[in-house]
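Notes for the one structure printed next.
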């Protein structure tokens, strides 16, 4: 038996319908043992169909059953739900590894905890973790292996902090926060000024505050403020390998994809979304609901509700027009040359071509 098989759960489709709050379609009630996307689903798997455009893919799928929306008809056993994607997520929760297995309850004997720290309400503190003086870990929170909490850190209730996370002094973390492996909160911000003896460091005496229901992906770094606070707002989600500079303020329910980098003292209002590898300059403000396409560079403040793409980032429709015209640039240059030759105001095109050929020799 493969190691993952012992975590599989066999359920009738009708049982799953009750769990996700859906309606069983048809008379068949197959046994379901797993879940996967349409292309990857095999016998025994439940999949989902978010909208009709994937209907052809479903016809080629080996899935045993499918979650569908109110208006879709399919040829295999199904559960009808208002939102198939949300229902699929709810179903996948059945396959999560039990937290007591990931974070065994209690304080491991190898953990080093300062006598002035308060970990009395923590659910788990893993091997070789270090808890500094004055630090507080809230009720039901769990720390994995090699977690380091510096002095006077405050962790709220029901948090999950995975292996290798470092929270430096005075960081504040709300409740129900998930921090994945290798995250560093509270490193010094990138603050310097030129002095007589060279580049001089500006003391970074502020903190990082992570508010309730935030999730921070593996390997991300969030710098402490020079003064005041670097803030990640309630419900925001930070992907892997994201860099957030000093004194950045991120609003509620923002979503930052992998390798996004945000320069110091920038502000992202509620609901901002960035694609992968987006760069945001320092002292920039993105209004509520702004969306920035992957690999874009934002160099100036943007009003609420806009969608941007490109470097420097502009309105996405304008960016597509610019790229389309850029591809036509050689053709347009040749037309300009011909027009200039026609009125005698431009260089001879044959001479240009001659020089180009000679330059390649």
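Since every read-out is calculated from the coordinates, none of them should be taken as a lab result. What you see is a predicted model, and the numbers here were worked out from it, not measured in a lab. So basically every Cβ, Gly included, is an ideal-geometry build from the backbone, and we count neighbours across all protein chains shown.
Here are a few things to note about the model shown:
- Most simply put, the chain has about 15% antiparallel DSSP beta bridges, counting only bridges with both residues inside it.
- Efficiency of FRET between residue 29 and residue 60 - r from beta-carbon atoms, R0 41 angstrom, step 0.05: 0.95
- For a modelled paramagnetic label at residue 255, 7 Å from Cα along Cα-to-Cβ, the residues of segment 220-239 in reach, with backbone nitrogen under 18 Å, are 233-239.
- FRET E, pair residue 93, residue 315, Förster distance 30 Å, beta-carbon r, rounded to 0.05: 0.15
- Between residue 197 and residue 322, the modelled label-to-label distance comes to 4.5 nm, taking each label 7 Å out from Cα in the direction of the beta carbon.
- Helices in the chain, meaning DSSP H runs of at least 4 residues, each add -39500 (n - 2.57). Divided by all residues, the mean residue ellipticity at 222 nm is -5000 deg cm²/dmol.
- Simple spin-label estimate for residue 307 and residue 187 in nanometres, 7 Å along Cα-Cβ: 3.4
- Subtracting the Cα-Cα distance of residue 109 and residue 300 from their residue separation scaled by 0.36 nm leaves 63.6 nm.
- Two-site FRET efficiency, residue 329 against residue 50, from Cβ-Cβ distance with R₀ of 51 Å, rounded to 0.05: 0.85
- Hull volume per residue, based on the alpha-carbon atoms of the chain and their convex hull, is 273 Å³.
- Exposure proxy order (Cβ contacts within 10 Å, fewest to most) of 20, 242, 205: 205, 20, 242
- Take every DSSP beta bridge whose two residues both sit in segment 106-317; close to 10 percent of them are antiparallel.
- Virtual spin-label span in nm between residue 71 and residue 101, 7 Å along Cα→Cβ: 4.2
- P(r) tail, segment 106-317: Cα-Cα pairs separated by more than 32 Å, 20% of all pairs.
- Only Cα sites of segment 109-224 enter the Debye sum here, all with the same form factor; the resulting log10 I(q)/I(0) across q = 0.11, 0.14, 0.16, 0.19 1/Å is -0.35, -0.54, -0.67, -0.90, listed in q order.
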